[in-house]
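The structure appears below as structure tokens.
Derivation of every value follows stated rules applied to the coordinates shown; laboratory data play no part. None of these values were measured; they are calculated from a predicted model. Note that each Cβ is placed from the backbone with ideal geometry, even for glycine, and that neighbours are counted across all protein chains shown.
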Amino acid sequence: MPRPDAPEGALRALLSEPTPNPTRVAALLDGLDHAARVAALRGMRSSQLRALFDSVDGCAGFDLDYLVPAHFAPNRAVHHIGRNSLPVFSAFEKRFYRLNARKELGGANFQTLSAVTGPGYFVARADPARSEILIDYQQLPAEAPPGWPPIRGNETGISRLVYGHMLDTLRRVSQHVSIGSASRDGKPLGAYFALCRVEPLT
């Protein structure tokens, strides 16, 4: 159990309030260094991931430059350390990169079972109707950074069970942290995940 004065305990306390205050959550996370931010996210309960997602609905401006800076060259990856609401294998990474001449990002998932589930490639785009980013597993990038696994679809084998027909909705929390919710065929799955962008970016 995290100490109340530790980053994990402080974040849990904020998200356990009846109506979590997104401004206070952002201030706490922005005041931490990268290691402490990751520790705070990894210490969240599944119910608190949902509370965080709900609390930041419509709160902060969000665009693709947050995930990958605009000046980054195509195929230069930015790592986002993740924690999801699964009871096991909850630690993972999403890595994003710019695509040539497109207003979209490519990306994939990196986690312990990637050799079994597949890399889970996706295309990320801004939602034109809301301040959110959509991560679409039904679209595949045309290319990937050197050394990454081969691009393959998400609609066959075990990949279908994990990533098939999936669409994630991502919302901004703070300068480095975002929160997402997963849906399949337009139906929310009740599955949530938090991401922390690796710093520094150069």
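Identify the trypsin sites (Lys or Arg not before Pro) of region 1-71 meeting these criteria: DSSP loop state and at most 16 other C-beta atoms within 10 Å of the C-beta. Passing sites in region 1-71 are 45.
Expressed as a fraction of 2.2 N^0.38 Å, the rule-of-thumb size for a compact globular protein of N residues, what is the C-alpha radius of gyration of the chain? If you can, show how the numbers build up before the last one.
Details: Rg = 16.2 Å, N = 202, 2.2 N^0.38 = 16.5 Å.
Relative to the rule-of-thumb radius for its length, the chain sits at 0.98.
In the chain, the DSSP-assigned H stretches of four residues or longer account for a calculated mean residue ellipticity at 222 nm of -6500 deg cm²/dmol, using -39500 (n - 2.57) per stretch and the full residue count as denominator.
Taking amide H atoms as placed 1.01 Å from N in the peptide plane, the amide H of residue 138 lies under 5 Å from those of 166, each 5 or more residues away in sequence or on another chain. So which GluC sites (Glu not before Pro) in region 118-202 end up in coil per DSSP with only 16 or fewer other C-beta atoms within 10 Å? Of the GluC sites (Glu not before Pro), the ones in loops of region 118-202 whose Cβ has at most 16 other Cβ atoms within 10 Å are 143, 155. The label point for residue 143 and the one for residue 6, both projected 7 Å from the Cα toward the Cβ, are 4.5 nm apart.
Local charge for residue 92 was computed over the other residues whose Cβ lies under 15 Å away, with Lys and Arg +1 and Asp and Glu -1, and equals +3. Fully extending the segment from residue 185 to residue 91 would add 31.4 nm, taking 0.36 nm per residue of separation and subtracting the current Cα-Cα distance. The GNM of the chain, with springs linking C-alpha atoms under 10 angstrom apart, assigns the highest mean-square fluctuation among 106, 157, 82 to 157. The modelled label-to-label distance for the pair residue 35/residue 54, using points 7 Å beyond Cα in the direction of Cβ, is 3.5 nm.
Rounded to the nearest whole Hz, the Karplus-based 3J(HN,Hα) values (6.51 cos²θ - 1.76 cosθ + 1.60, θ = phi - 60°) of region 142-158 follow the sequence 7, 8, 9, x, x, x, 6, x, x, 6, 9, x, 10, 10, 10, x, 5, with x at glycine and proline. Comparing 122, 92, 72 in a Gaussian network model of the chain where C-alpha atoms under 10 Å apart are linked, the largest mean-square fluctuation is found at 72.
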